[in-house]
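The values are calculated or read from the model by the stated rules, or taken from the named source; none is laboratory data. This one's a predicted model, so the numbers in the text were calculated from it and none came from an experiment. Note that we place each Cβ from the backbone using ideal geometry, even for glycine, and neighbour counts take in every protein chain shown.
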């Protein structure tokens, strides 16, 4: 209570300092949430690509781009150390990908269910409905990722239009925070049909729709290094680019860790400014209260007690600023995600860890900033301080 | 019996490299238990400096010649650390200043309780002691007022309550009436006099005011950093010591009854 009164003594100054901290923490919370989201995406990708080789057409990337043939799957299956090969067809949900997009774009993802023979370890849970099965081949059914389902506002049993073709929704996934959230999973045959329609007629006429694939996911036999398989594929098959988990981590991981560093850096710089303003506020406050500190010292307050009083007060400034910043950051990330939902672009992931560490950081920053003025205050000579006007 | 004794007390303040002030030039002083003593002298005579040393706010200079001695109830205080001196100020001494020196954000009661807190007494006990001390100075109904809502005389009475709340062995007052008009001044002086007479509270006060000096048992006169006159001790200084339980009960009893 006494402390609140001390803060209230210079309302404007305390409010401005708290605002400074608040803005810093808000920046940290918002950018931190963005970094969380990117991390989750990358981690999801990294988990997915681990222990396997994804083969795309040369010049293509992660299954997007050129056309492969399911016949290549048989070729690759024959290589040493290969366990299972799953042919898939991936394409963008919409050709219009103008505008800045964070994370992965909405995708259609076709493959024969259970073709991996249980080798896929990437965990996917169903919020409602069921998974695709081999028996779905030939019918137009789809399982939607959580963000996509929200974008379509679709329930199990509804019909959605994917590239001008109607699909019946049979299942909806729980959020994974990574690529599948933005994907529609369909049977391979249906995806092949859709893909054909994206190709120019002249090209399409020369292709057999039943063998089209855009990616081949190669599962090595247990204990075989995916890099060895990738080398084998490079050596024996032309016109393809195999990609391993290591490649993914190198390409994507490096880019995102840089981005993360920039985001967190911005947040930290704004906090540094906030911290300096706490030092300033507390130094002013100590100067104003010189006489009061003299009284307290004279009637028996120890140096330690004077220091504690000031450090606690500035820690409270940090704490209040931190809590307000967290609140503001929460509002911004929530509004941002709500706005992005219609286009299935979820930018922020405000985790408990980010929230807690931001507030804790603000409090520690406040206390640390208070220490210099506190030290000065505790060294004042009581007699001199008492005479101070 | 002497409660506070000093010998060879010197203090030189260094204002700048070449400008030093020899404020005390070797002082010997002895205050008896239960005495109410005034230290008087012109400005710059060293009386405030002496008060700061007696109140352990400053340490006496370590002399080249005879070492300084300072004893509170027989215990050596001359070479204590800052922390140890702070502890004794908090637990065994009470202070009253010319400018009242209350903490402006705290109520009268909280100001008094602050002294309890520094002496290691907290919670209900401190509240009870604070209210009793305010009752003793006749301000129990002003307990929740801030200093800015009190008159100068009332503020000084709160300061007196703060000085005596821990039942100190000695109260040191630096010009306690210096900022008050003559009526308020007489009121505060009467209050101090009453504690001294009825509860045997030892009081040392620094003053310019001859009337205040006359009201005391003894006047010590200073000039140029030395004591010129130790004054005549009053014939009888007999009253129970403040710190005995009986005295505490006597002090608290009537006050609580009137509250």
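Annotations
- Restricting A:301, A:315 to residues that are without any contact (Cβ under 8 Å) to a residue 12 or more places away in the chain, more than 19 Å from the chain's Cα centre (by Cα) and crowded, with 17+ Cβ neighbours inside 10 Å narrows the list to A:301.
- Failed criterion for residue B:24 (all others in (1) buried (at least 22 other Cβ atoms within 10 Å of the Cβ); (2) away from chain A (no Cβ under 14 Å) hold): (2)
Let's see how each residue does on (1) farther than 26 Å from residue A:225 by Cα; (2) modelled with pLDDT of 80 or more:
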site	(1), (2)
A:76	no, yes
A:86	no, yes
A:95	yes, no
A:98	yes, no
A:121	no, no
A:126	yes, yes
A:130	yes, yes
A:134	yes, yes
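- Where strands (runs of 3 or more DSSP E) fall wholly inside segment B:29-114, the ranges with 1 or more residues that are touching a helix residue (DSSP H, G or I) at 6+ places or on another chain (Cβ under 7 Å) and under 30 Å from residue B:143 (Cα atoms) are B:36-40, B:93-96.
- Between A:382, A:373, the distinction of being in contact with a helix residue (DSSP H, G or I) (Cβ under 6 Å, 6 or more places away or on another chain), within 15 Å of residue A:303 (Cα to Cα) and more than 14 Å from every other protein chain (Cβ to nearest Cβ) belongs to A:373 only.
- Set A:309, A:292, A:288: member being surrounded by fewer than 16 Cβ atoms within 10 Å (Cβ to Cβ), within 14 Å of chain B (Cβ to nearest Cβ) and under 29 Å from residue A:11 (Cα atoms): A:288
- Elements of the type helices (runs of 4 or more DSSP H) sitting completely within segment A:139-254 and holding at least 2 residues that are crowded, with 16+ Cβ neighbours inside 10 Å and touching a strand residue (DSSP E or B) at 6+ places or on another chain (Cβ under 7 Å): these cover A:146-152, A:188-198, A:226-236.
- Which listed residue is more than 10 Å from every other protein chain (Cβ to nearest Cβ) and either outside any loop (DSSP other than H, G, I, E, B) or in contact (Cβ under 8 Å) with a residue 24 or more places away in the chain (or both), from B:117, B:132: B:132
- Residues located in segment B:61-90, provided they are facing chain A (nearest Cβ under 10 Å) and under 21 Å from residue B:35 (Cβ atoms): B:88, B:89
- Evaluation of residue B:15 against (1) within 14 Å of chain A (Cβ to nearest Cβ); (2) in contact (Cβ under 8 Å) with a residue 40 or more places away in the chain; (3) closer than 18 Å to residue A:381 by Cα (one fails), failing number: (2)
- Residues that are surrounded by 15 or more Cβ atoms within 10 Å (Cβ to Cβ) and under 30 Å from residue B:53 (Cβ atoms), drawn from segment A:349-380: A:373, A:374, A:375, A:376, A:377, A:378, A:380
- Residue that is under 30 Å from residue A:5 (Cβ atoms), part of a helix (DSSP H, G or I) and within 30 Å of the chain's Cα centre (by Cα), where the choices are A:271, A:263: A:271
- Flag for residue A:278 being away from chain B (no Cβ under 14 Å), over 24 Å from residue A:27 (Cβ atoms) and surrounded by 18 or more Cβ atoms within 10 Å (Cβ to Cβ): no
- One residue from B:158, B:188 being surrounded by 22 or more Cβ atoms within 10 Å (Cβ to Cβ) and within 14 Å of chain A (Cβ to nearest Cβ): B:158
- Residues of segment A:286-307 that turn out to be touching a helix residue (DSSP H, G or I) at 6+ places or on another chain (Cβ under 7 Å) and either at pLDDT 90 or above or farther than 23 Å from residue B:55 by Cβ (or both), as a count: 14
- Scanning segment B:91-114 for residues being touching a strand residue (DSSP E or B) at 6+ places or on another chain (Cβ under 7 Å) and either under 26 Å from residue B:151 (Cβ atoms) or facing chain A (nearest Cβ under 7 Å) (or both) gives a total of 5.
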